[in-house]
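Values quoted throughout were computed directly from the atomic coordinates according to the rules given, and no laboratory measurement underlies them. What you see is a predicted model; the values in this text were computed from it and never measured. Methodologically, a virtual Cβ is constructed for each residue, glycine included, from the backbone with ideal geometry; neighbour enumeration extends over all protein chains shown.
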Amino acid sequence: VLPAVLAVLVVSLPAQVKFASLVAEPYPGLFQPAFNGTSQRNSDRTVKFTTVELTVDGRRIEPSDLILEDDDRAEVLTTAFPLDGDEAQVDDATLRSMRSAVLRRLGTDPGELSVRWEHRRFHLDTGKITRGKTLATYRVDLSGDNP
Amino acid sequence: MTATISRIDAWCRQGDLRLEDIAWLRVIYSAGLLLTLQPVAALSSRPVDQFDPPPGPIMLLSALPSHAMLEGLEIITALLAGLLLFGLHTRTVSILLALALMIALSFVTAGWAKFRSGWLDLDTHAVQGHFIRGFFVQSRDGWLAPEVIDLHLGRLWEVADWLTVGLELGLVLTVVSWRWFRLALAVTTLFHLGILLVINIAFSWNLLGYAAFYRWASVLPPAFDLRIRRSLGYVLAAALGAGMYAFHEWAGPSFQHDVRTCMVFLGAALGATYLAVQLGRAVTAGSPAER
């Protein structure tokens with residue numbers, strides 16, 4: 001059975017690649033992280049990237065401050081705040097977890113979490129970063145009044 | 001299909017791996033898994049909206065599994081790795097844990113995606129772009145990254161783009177020869193070390209896959225012939241799996257992160273040594289005295 005499974009995986013590779021480009025990368029599948037695309041252009045000597053900025057009652061915090069148990073995966077949190085600026089849908093358990101994490105980090109009861117997506121540009125020649133367009137902003141009520 | 005299977009079989013038989021090498025690979029692979037058990041249970045605390053599985057069997061689930069189920073998955077993985085280490089149900093367990101021989105083809109998919117998305121365009125430096133994005137967005141700012149961020153040698157970055165695509169697309173061509181494939185894998189271990197030092201990503205499990213092609217018995221002691229009762233094997237495997245799970249719970253994710261980093265360094269050291277030995281042999285074979 002195993003050779004047959006391996007053979008099917010190999011033979012179906014072109015179909016897997018086509019499917020990944022048309023729909024999404026399937027799982028399981030024969031894929032290494034692709035890192036496709038490039039955000040750097042020589043024409044303006046900059047690299048453009050998108051950041052999510054988190055502040056609690058005006059104080060800047062890092063994504064890792066909201067996921068204390070695993071710093072290494074803190075970047076996952078950025079996907080929790082969609083770019084479309086829609087109202088954040090955070091379930092009660094997650095809200096409680098975020099609230100206690102921020103309390104531990106800042107030492108005070110948090111009120112409102114503000115999330116802002118924006119473009120940034122890294123200038124290759126100067127090493128400076130400039131802010132670009134704000135793509136979305138919204139707020140999450142972390143206060144104890146929240147249900 | 002039968003012809004394809006026959007060709008794969010024929011290719012496998014071309015190699016010079018012995019049973020002792022496979023036995024060592026089993027030990028190294030399962031030990032690697034036990035030392036880098038992944039903490040997945042914390043995923044259950046993510047908001048429901050984050051559940052967006054890729055096309056595949058996970059789509060059958062309506063939401064992220066519960067904390068207990070994910071914890072169970074961690075424990076089962078540890079127990080399976082324990083069974084593998086003690087040589088119990090190795091065929092079934094191996095199928096469950098990994099299909100590691102697909103390395104070259106998986107690299108082709110990554111290389112193809114890069115090739116199609118402008119990595120070879122001389123007006124872009126894709127590696128630099130991904131590096132800078134990771135540095136500022138994902139805080140991948142360790143090892144050599146603070147020094148490299150100021151490196152603005154466009155040609156060097158472009159060479160990195162071309163070498164990356166060349167390596168990923170070229171690896172599959174070396175599959176026709178075990179010697180060339182091993183040399184390519186040795187180069188790839190250095191590629192992974194470069195990625196770790198600059199982009200701070202440890203592709204440690206790739207190295208466990210590459211380990212399948214190394215003749216471990218040539219550098220490690222002869223495989224020991226330890227015979228124990230099967231029932232005792234189950235007890236030891238369960239104890240080891242459960243013990244490692246408990247240890248990871250106690251040590252936290254930084255332990256497996258550190259082990260994975262060490263694996264990349266160790267893999268690169270082995271790869272460099274292998275390349276040096278092969279180079280030495282090639283030089284010796286080509287010298288006048290040897291002709």
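Going by a ≥ b ≥ c, the root eigenvalues of the Cα gyration tensor, does the stretch B:142-291 fall in the rounded group (a/c under 1.5), the prolate group (a/b larger than b/c) or the oblate group?
Values: a/c = 2.58, a/b = 1.26, b/c = 2.05.
Verdict is oblate for the stretch B:142-291.
Partner chain Cβ atoms within 10 Å, averaged over the residues of B:118-127 - can you pull that number for me?
Working: counts 4, 4, 0, 3, 1, 5, 7, 7, 6, 3.
Taking the mean over all residues of the peptide, I get 4.
Sort B:Val283, A:Val10 so that the residue with the fewest other Cβ atoms within 10 Å of its own Cβ comes first and the one with the most comes last.
On the way: B:Val283 10, A:Val10 16.
Final ranking by Cβ density, sparse to dense: B:Val283, A:Val10.
For the residue pair B:Arg227 and A:Leu22, what label-to-label distance in nm results when each label sits 7 Å from Cα along the Cα-to-beta-carbon direction?
Modelled inter-label distance: 5.7 nm.
How long is the gain from B:Thr2 to B:Leu73 if the chain were fully straight, where each residue apart is worth 0.36 nm and the alpha carbon distance is subtracted?
Values: separation 71, 0.36 × 71 = 25.56 nm, distance 3.52 nm.
Gain on stretching B:Thr2 to B:Leu73: 22.0 nm.
In what order do B:Glu158, A:Glu53 fall by count of nearby beta-carbon atoms within 10 Å, going from fewest to most?
Numbers: B:Glu158 21, A:Glu53 17.
Ascending Cβ contact count within 10 Å gives the list A:Glu53, B:Glu158.
For A:Glu53, which sequence-distant residues (separation of 5 or more, or a different chain) have an amide H within less than 5 Å of its own amide H, given hydrogens modelled in the peptide plane?
Result for A:Glu53 returns A:Arg116, A:Trp117, A:Glu118.
What are the lysines whose alpha-carbon lies under 26 Å from the alpha-carbon of A:Lys133, with same-chain residues fewer than 8 places away excluded?
A:Lys133 reaches A:Lys48.
Using a ≥ b ≥ c from the Cα gyration tensor of chain B (square roots of the eigenvalues), is it rounded, prolate or oblate, where a/c under 1.5 gives rounded and otherwise the larger of a/b and b/c decides, a/b for prolate? Let's see the in-between values first.
On the way: a/c = 1.66, a/b = 1.09, b/c = 1.52.
It comes out oblate by the Cα gyration axes.
Check A:Gln40: other-chain or 5+ apart residues with amide H under 5 Å from its amide H, H built from backbone geometry?
Amide H to amide H, under 5 Å and 5 or more residues apart or across chains, A:Gln40 pairs with B:His125, B:Gly129.
How do A:Thr55, B:Thr109 rank when sorted from fewest to most other Cβ atoms within 10 Å of their own Cβ? Walk me through the numbers on the way to the answer.
On the way: A:Thr55 14, B:Thr109 22.
The order, fewest Cβ neighbours first, is A:Thr55, B:Thr109.
List the relative contact order of chain B as a percent without decimals, with contacts defined as Cα pairs under 8 Å and 6+ residues apart. Don't skip to the end; give the middle numbers.
Numbers: 276 pairs, mean separation 82.5, N = 291.
RCO, chain B: 28 percent.
Taking 0.36 nm per residue of sequence separation and subtracting the Cα-Cα distance, how much length would be gained by fully extending the chain between B:Leu163 and B:Val219, in nm to one decimal?
Working it through step by step, the gained length comes to 17.1 nm.
Residue by residue, what Karplus-based ³J(HN,Hα) values in Hz, rounded to whole numbers, does the stretch A:12-22 have, using 6.51, -1.76 and 1.60 with θ = phi - 60° and x for Gly and Pro?
Using θ = phi - 60°, the values come out as 8, 4, x, 5, 4, 5, 5, 4, 4, 6, 8 Hz.
Among the complete DSSP H segments of chain B, which ones combine at least 15 Å of alpha-carbon extent along their axis with a mean Kyte-Doolittle hydropathy of -1.0 or more? Before the final figure, lay out the partial values.
Working: long enough: B:2-14 (18 Å, -0.31); B:19-35 (24 Å, 1.23); B:67-85 (27 Å, 1.64); B:103-116 (20 Å, 0.88); B:126-137 (16 Å, 0.92); B:154-170 (23 Å, 0.39); B:178-199 (30 Å, 1.53); B:230-251 (31 Å, 0.65); B:253-286 (49 Å, 0.67).
TM-like helix candidates: B:2-14, B:19-35, B:67-85, B:103-116, B:126-137, B:154-170, B:178-199, B:230-251, B:253-286.
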